[in-house]
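**Student:** Quick one: this structure, given as structure tokens, is what I'll be asking you about.
The values are calculated or read from the model by the stated rules, or taken from the named source; none is laboratory data. Treat the numbers as computed from the prediction; the structure is a model and nothing was measured. Every residue, glycine among them, receives a Cβ derived from its backbone with ideal geometry; neighbour counts consider all protein chains shown. Accessible surface areas use protein heavy atoms only, side chains included; no ligands, DNA or RNA. Shrake-Rupley method; radii C 1.70, N 1.55, O 1.52, S 1.80 Å.
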Amino acid sequence: MGALPKDAAFWSKISRKYASSPIRDMDGYLKTLERTKSYLEPKDNVLEIGCGTGSTALLIAPDVAHITATDIAPGMIEIANEKLASEGLKNVTFKVAELRDHSSAEAPYDAVLAHNLLHLLPELDRALASIAALIKPGGLFISKTVCAPAHGGWKYALISKVAIPVMQAIGKAPFVSFITPDTLEQKIKTAGFDIVEAGDKTGMLTSHYVVARKL
Ligand SMILES: C[S@@+](CC[C@H](N)C(=O)[O-])C[C@H]1O[C@@H](n2cnc3c(N)ncnc32)[C@H](O)[C@@H]1O
């Protein structure tokens with residue numbers, strides 16, 4: 001879905017550092033996790049895309065029938081599999097995959113999760129259509145996305161127009177595209193979903209949590 005091989009290399013390269021960095025807002029992370037779990041059922045077959053080092057998938061696994069968790073970066077999946085081996089859960093599969101690698105043969109899923117991923121995808125509309133195709137009617141798409149603040153601001157302008165492009169030019173940042181929470185919700189609806197719940201954690205960048213039901 002347009003993700004660049006250099007982005008896979010970028011994320012693989014930083015995977016050990018990513019794994020050892022503490023979660024910045026643990027309280028917020030745990031609240032989102034519990035909120036997400038409240039929508040899932042023990043019979044559910046779940047897919048998580050952009051799973052990183054697999055922490056969320058491993059915490060969700062006890063509450064569902066099976067979770068397949070994928071990431072474009074082999075380094076991330078290597079760490080996820082190390083964690084899986086030490087935890088011994090039987091209903092988790094980690095694999096290296098990009099969104100376009102998922103086929104309808106493995107679908108439909110009861111739920112697809114994408115945490116901190118959608119702002120990294122160059123072709124968001126196509127990605128959302130592909131995600132919709134993987135979910136059964138009535139199933140859920142649960143995402144948390146870094147978004148542009150609704151009212152901009154000079155700090156956001158500095159980050160998005162100067163700092164990130166400079167970091168990208170020297171290979172220290174991946175592709176990113178920030179849209180506002182409203183635009184994101186509109187795109188999710190256009191892909192064939194109803195919004196069930198949405199909420200923001202605001203800061204210089206907004207973290208937008210959306211639960212959407214496939215029509
Ligand atoms: C910011 S990290 C988030 C990881 C994890 N979901 C979390 O919330 O901690 C983004 C992850 O998305 C992965 N990624 C980036 N582009 C992707 C794509 N096109 N398909 C699948 N994964 C992708 C990266 O390798 C990275 O592990």
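**Student:** Quick check: the distance between the Cα centres of region 139-215 and region 80-96, to the nearest angstrom?
**Tutor:** 29 Å
**Student:** So, one more: Tell me the trypsin sites (Lys or Arg not before Pro) within region 39-96 that lie in a loop according to DSSP and have at most 16 other beta-carbon atoms within 10 Å.
**Tutor:** The qualifying sites are K43, K90.
**Student:** Mind ranking S15, S20, S207 by accessible surface for me, highest first, 1.4 Å probe?
**Tutor:** Largest to smallest exposure gives the sequence S20, S207, S15.
**Student:** Karplus couplings for region 151-157 from phi (6.51 cos²θ - 1.76 cosθ + 1.60, θ = phi - 60°), rounded to Hz, Gly and Pro as x?
**Tutor:** Whole-Hz 3J(HN,Hα) from phi for region 151-157: 10, x, x, 5, 5, 5, 4.
**Student:** Show me, for region 17-23, the HN-Hα J-couplings you get by feeding each phi into the Karplus relation (A = 6.51, B = -1.76, C = 1.60, θ = phi - 60°), rounded to Hz, glycine and proline as x.
**Tutor:** Values per residue, Gly and Pro as x: 5, 4, 5, 8, 7, x, 5 Hz.
**Student:** Then there's this: Per residue, how much accessible surface does the chain expose to a 1.4 Å probe? Answer in Å², no decimals.
**Tutor:** Heavy-atom accessible area per residue stands at 50 Å².
**Student:** Divide by every residue of the chain the summed helix terms, -39500 (n - 2.57) for each DSSP H run of at least 4, and state the resulting mean residue ellipticity at 222 nm, rounded to the nearest 500 deg cm²/dmol.
**Tutor:** Mean residue ellipticity at 222 nm (helix-derived): -10500 deg cm²/dmol.
**Student:** To continue, here is another question. Express the relative contact order of region 131-208 as a whole percentage, based on alpha carbon pairs under 8 Å and six or more residues apart in sequence.
**Tutor:** 45 percent
**Student:** OK, next. Over region 85-194, what is the relative contact order in percent, taking alpha-carbon pairs closer than 8 angstrom and at least six residues apart?
**Tutor:** Over region 85-194, the number comes to 30 percent.
**Student:** Please identify the GluC sites (Glu not before Pro) of region 95-142 that satisfy two criteria: DSSP loop assignment and at most 14 other Cβ atoms within 10 Å. Which are they?
**Tutor:** Those satisfying the criteria are E106.
**Student:** If you rank R100, R35 by how much accessible surface each has, with a 1.4 Å probe, what is the order from largest down?
**Tutor:** Correct descending sequence by accessible area is R100, R35.
**Student:** Shifting gears a bit: With +1 on each Lys and Arg Cβ and -1 on each Asp and Glu Cβ, and nothing else charged, work out how big the dipole of region 45-115 is about its Cα centre, in Debye to the nearest 20.
**Tutor:** The dipole of region 45-115 has a size of about 60 debye.
**Student:** Give the shape of region 1-48 as rounded, prolate or oblate, defined through the alpha-carbon gyration tensor: a ≥ b ≥ c are the square roots of its eigenvalues, a/c under 1.5 means rounded, and otherwise the shape is prolate if a/b is larger than b/c and oblate if not.
**Tutor:** Judged from the Cα gyration tensor, region 1-48 comes out oblate (a/c at least 1.5, b/c at or above a/b).
**Student:** If you take every DSSP beta bridge fully contained in the chain, what fraction is antiparallel? Give it as a percent rounded to 5.
**Tutor:** 45 percent
**Student:** With the cut-off at 30 Å, tell me which of the pairs K6/K214; K95/K155; K13/K155 have Cα atoms farther apart than that.
**Tutor:** Listed pairs above 30 Å: K6/K214; K95/K155.
**Student:** A further question follows. For the chain, what does the relative contact order come out to in percent, with C-alpha contacts under 8 Å and a separation of six or more?
**Tutor:** 19 percent.
**Student:** Just add up the charged neighbours of I60: K/R +1, D/E -1, any other residue whose Cβ is under 11 Å from the Cβ of I60.
**Tutor:** Value of the local net charge: -3.
**Student:** Also, quick follow-up: Sorted by accessible area (1.4 Å probe), largest first, how do S86, S103, S143 line up?
**Tutor:** So the residues, ranked largest to smallest area, are S86, S103, S143.
**Student:** Kindly flag which residue pairs out of K43/K83; K37/K187; K144/K187 have an alpha-carbon separation exceeding 19 Å in this structure.
**Tutor:** K43/K83; K37/K187
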